[in-house]
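Report on one structure; see the data block that follows.
The values are calculated or read from the model by the stated rules, or taken from the named source; none is laboratory data. Please read these numbers as outputs of a predicted model, since none were measured by experiment. Here the Cβ is made from the backbone with ideal geometry for all residues, glycine too, and neighbour counts use every protein chain on show. For accessibility, only protein heavy atoms count, side chains too; no ligands or nucleic acids. Shrake-Rupley method; radii C 1.70, N 1.55, O 1.52, S 1.80 Å.
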Amino acid sequence: MATHRIYGIGETVLDIVFKNGQPQAAVPGGSTFNAMISVGRTVGARFPDTQIVMVTQVGTDYVADLVTDFMEKNHVSSEGVMRIPGAQSTLSLALLDEHNDAHYEFYRDKRAAEFEAGEMEFNEGDIVVFGSFFAISSTTREQTKRLIQQAHDAGAIIYYDINFRKSHMLDLPTTKVAIEENCAMSDIVRGSSEDIENVFGSTDAAMLYKEHLSKLCPNFICTKGAKEVEVFSSGVHEIFEVPKIETVTTIGAGDNFNAGVVYSLMDFQIGKTSMRGLAAGEWRRIVPVAIRFSANVCQSLYNYVDPDFIDTL
């Protein structure tokens, strides 16, 4: 297999998880970060020649040291991490409800508000993962768009996770254009049923793909929590059931679904030429693996698959 790079572009935080008013764990997090750690633990272990790079920024505090050390221990390069002198890294309180779903409160240092990304070298066959509000926020949009455009022009596979929460609904009039631009630069777009309702006002994934998203991106994945996964590409509409499991927390479920897709692209050697419209047979190999990634992370307090999860694949 040819040597490739896998890039993640997004925010890095320290998640402090609370249940019933008591802290349960403190773990490095962030939507794309969670996916990259799981990619590091699986792709990095099985394909050691593949370099995995997280493009993000942190402060110059203890949290920053903790996060970058954690990345390196999990086969994720910190060469894309920008440190903001004198700034504190972002903290997140993840408050679990009775269903073990998380509600978040963020604590950010205004000195690190603007995202400053260094120059990255993208090549054909690389994979780039990005998404969430980080990909559309006014403080991060310019740099993120620049990197994604460069990766797109270089022939990299672009995977975009919409991940748009209700807490940002007031920003939708200005950010929807950015979401659609991101879709148009991507080869695969994933959105939860909640995401597409928030952004497009409908939970009808088939209608949305036919009338709108197919004109922007050839491949669309709609996840529906514990219910099912729908996938769409040219002439393909597949539905996959999600096995019932007991959850400890759903933090990172979607992020790790993304990691499972990336792992599958590598494991099954699915390249850029297939991105014009993945065949049903390819989806039938990819999605069950992604569901297994997601299920694994829901059974612990951590935001990524178990270190020995690779042994089960």
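Here are the numbers:
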quantity	calculated
Residue under evaluation R276, criteria (1) in contact (Cβ under 8 Å) with a residue 12 or more places away in the chain; (2) out of contact with any Asp or Glu (no Cβ under 8 Å at 6 or more places or on another chain); (3) surrounded by 15 or more Cβ atoms within 10 Å (Cβ to Cβ), criterion not met	(3)
Looking only at the range 235-273, and only at residues there that are assigned to a loop (DSSP other than H, G, I, E, B) and touching a residue at least 60 places away in the same chain (Cβ under 8 Å), the one that is surrounded by the fewest Cβ atoms within 10 Å (Cβ to Cβ)	Q269
Search result, residues across the range 159-172 that are open to solvent by less than 30 Å² (accessible area, probe 1.4 Å) and either outside any loop (DSSP other than H, G, I, E, B) or polar (S, T, N, Q) (or both)	Y159, Y160, D161, N163, L172
Answer residue from the range 292-313, given it is surrounded by 17 or more Cβ atoms within 10 Å (Cβ to Cβ) and β-branched (V, I, T) and is farthest from P243 (Cα to Cα) among those	V305
Neighbours by Cβ (under 8 Å, 6+ apart or cross-chain): first from the range 79-96, open to solvent by 60 Å² or more (accessible area, probe 1.4 Å); second of a type in the set (G, A, S) and in a loop (DSSP other than H, G, I, E, B)	M82/A117; M82/G118; R83/G59; Q88/G59
Residue satisfying condition, being in contact with a Gly (Cβ under 8 Å, 6 or more places away or on another chain) and closer than 16 Å to R108 by Cβ, within set T56, T50	T56
Residue ID - surrounded by the most Cβ atoms within 10 Å (Cβ to Cβ), chosen from residues in the range 148-158 that are in a helix (DSSP H, G or I) and over 16 Å from the mean Cα position of the chain (by Cα)	A151
Conditions (1) open to solvent by less than 20 Å² (accessible area, probe 1.4 Å); (2) in a helix (DSSP H, G or I); (3) touching a strand residue (DSSP E or B) at 6+ places or on another chain (Cβ under 8 Å); (4) under 23 Å from T312 (Cβ atoms): number failed by V67	(4)
Test: residue in the range 211-223 that is within 23 Å of Y104 (Cα to Cα) and either in a strand (DSSP E or B) or at pLDDT 95 or above (or both)	yes
Long-range neighbours under 8 Å by Cβ, at least six apart or interchain, first residue at pLDDT below 95 within the range 172-191, second among the β-branched types (V, I, T) and part of a helix (DSSP H, G or I)	L172/V199
Subset tally (residues that are part of a strand (DSSP E or B), of a type outside the set (D, E, K, R) and either open to solvent by less than 20 Å² (accessible area, probe 1.4 Å) or touching a residue at least 40 places away in the same chain (Cβ under 8 Å) (or both)) for the range 1-32	14
Cβ-Cβ under 8 Å pairs, at least 6 apart or on other chains, the range 212-230 side farther than 24 Å from E181 by Cβ and without any contact (Cβ under 8 Å) to a residue 40 or more places away in the chain, far side buried (at least 19 other Cβ atoms within 10 Å of the Cβ) and of a type in the set (D, E, K, R)	K224/E230
